[in-house]
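Everything on this sheet refers to the single structure shown next.
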Amino acid sequence: MALVTAAVVVLDCAEPEKLAQFYREFLEGEEGEASANLVEIRATGGFRIAFRRDVNATPPSWPRPENSLQAHLDFLVEDLDEAERRLVGLGGRPIETKDPAGPYEERGYADPAGHSFTLRLVPPSAPKQG
């Protein structure tokens, strides 16, 4: 039997209820455990993310160098434009508008509390025809 039964990513923020709502709607998840200081979201594929109240939380300033990227999330999507429209409609904002230097088509964003994350296009898995 495994010692660890699940993993949960936890983001500190001033208003966990509001941030949980943003991610619940974006991920089409459902609310999990909740208390006065922590709200958890369960999304497809068993992904779990929680938001812990910290009234002194300050978002990282990435991509500005004075406060380096502390951590970020990557979300794999099938349609970058559709995902971006949805995120912006929910209160997210673009933070990296340059073409990526790497092999993946991706875009950087911040959630309403300022945590950074990346949307990365899932490469097609079907073999090429012809």
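Taking all protein chains as shown and a probe of 1.4 angstrom, residue 44 keeps an accessible surface of around 110 Å². Placing dummy labels 7 Å off each Cα toward the beta-carbon, the span from residue 9 to residue 28 is 1.9 nm.
The values are calculated or read from the model by the stated rules, or taken from the named source; none is laboratory data. Predicted model only: the values in this text are computed from it and were never measured. Cβ atoms come from the backbone with ideal geometry, glycine included; neighbour counts cover every protein chain shown. Calculation scope for accessible area: heavy atoms of the full protein, side chains included, ligands and nucleic acids excluded. Shrake-Rupley method; radii C 1.70, N 1.55, O 1.52, S 1.80 Å.
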